[in-house]
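Contents: one structure, followed by commentary.
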Amino acid sequence: QVQVAESGGGLVQTGGSLRLSCVASGSLFSAYAIDWYRQAPGKQRELVASIRGSDTTNYLDSVRGRFTISRDNAKNTAYLQMNSLKPEDTAIYFCSARSGLHNTWWGMGTQVTVST
């Protein structure tokens, strides 16, 4: 069983920055695809950014150019650097680690609140 834990959320003003971290256990971290999702109150969970083991990245259109996903395999950690934050970025941010088609492990989430 892979354990996943997010950290780094908090309260920030519009235009500010936060860096979220996602730590996943296990010796196969470098092979995992890491996804960052978010869920705002009353809305569906949406995929914000992904990074594969090959370091290929993908972003939700509304965050492209503001958010950067990266990984440090030596630390079993992935990051989501969020700049130029907007109130609409307010949500609980979740990290998941994926291996193949059938294995996905989730963290408990970290709250990000962007004030006006």
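Scanning the range 1-20 for residues that are open to solvent by 30 Å² or more (accessible area, probe 1.4 Å), hydrophobic (A, V, I, L, M, F, W, C) and within 18 Å of ALA97 (Cβ to Cβ) gives a single hit, ALA5.
Out of curiosity, is LEU11 among the aliphatic types (A, V, I, L, M) and at pLDDT below 95? Talk me through it step by step, then tell me what you get.
Numbers: among the aliphatic types (A, V, I, L, M): yes; at pLDDT below 95: no.
Criteria not met by LEU11.
State all residues of the range 97-113 that are aliphatic (A, V, I, L, M), touching a residue at least 60 places away in the same chain (Cβ under 8 Å) and surrounded by fewer than 21 Cβ atoms within 10 Å (Cβ to Cβ); if no residue qualifies, say none. Walk me through how you get there before you give the answer.
Quick first cut of the range 97-113, residues aliphatic (A, V, I, L, M) only: 97, 101, 108, 112.
Remaining after also requiring touching a residue at least 60 places away in the same chain (Cβ under 8 Å): 97, 108, 112.
MET108, the sole residue that qualifies.
Taken over the range 35-51, residues that are open to solvent by less than 60 Å² (accessible area, probe 1.4 Å) and modelled with pLDDT under 95 amount to 0. In the range 52-66 there is at least one residue matching the filter, namely being touching a strand residue (DSSP E or B) at 6+ places or on another chain (Cβ under 6 Å), assigned to a loop (DSSP other than H, G, I, E, B), of a type in the set (D, E, K, R) and open to solvent by 50 Å² or more (accessible area, probe 1.4 Å). Scanning the range 67-96 for residues that are basic (Lys, Arg) and under 28 Å from LEU28 (Cα atoms), we see that the one that is most open to solvent (accessible area, probe 1.4 Å) is LYS75.
The values are calculated or read from the model by the stated rules, or taken from the named source; none is laboratory data. From a predicted model like this one, the values you see are computed outputs, not experimental measurements. Using ideal geometry, Cβ is built from the backbone for each residue, glycine included, and neighbour counts are taken over all protein chains shown. The accessibility values were calculated without ligands, DNA or RNA, using every heavy atom of the protein model including side chains. Shrake-Rupley method; radii C 1.70, N 1.55, O 1.52, S 1.80 Å.
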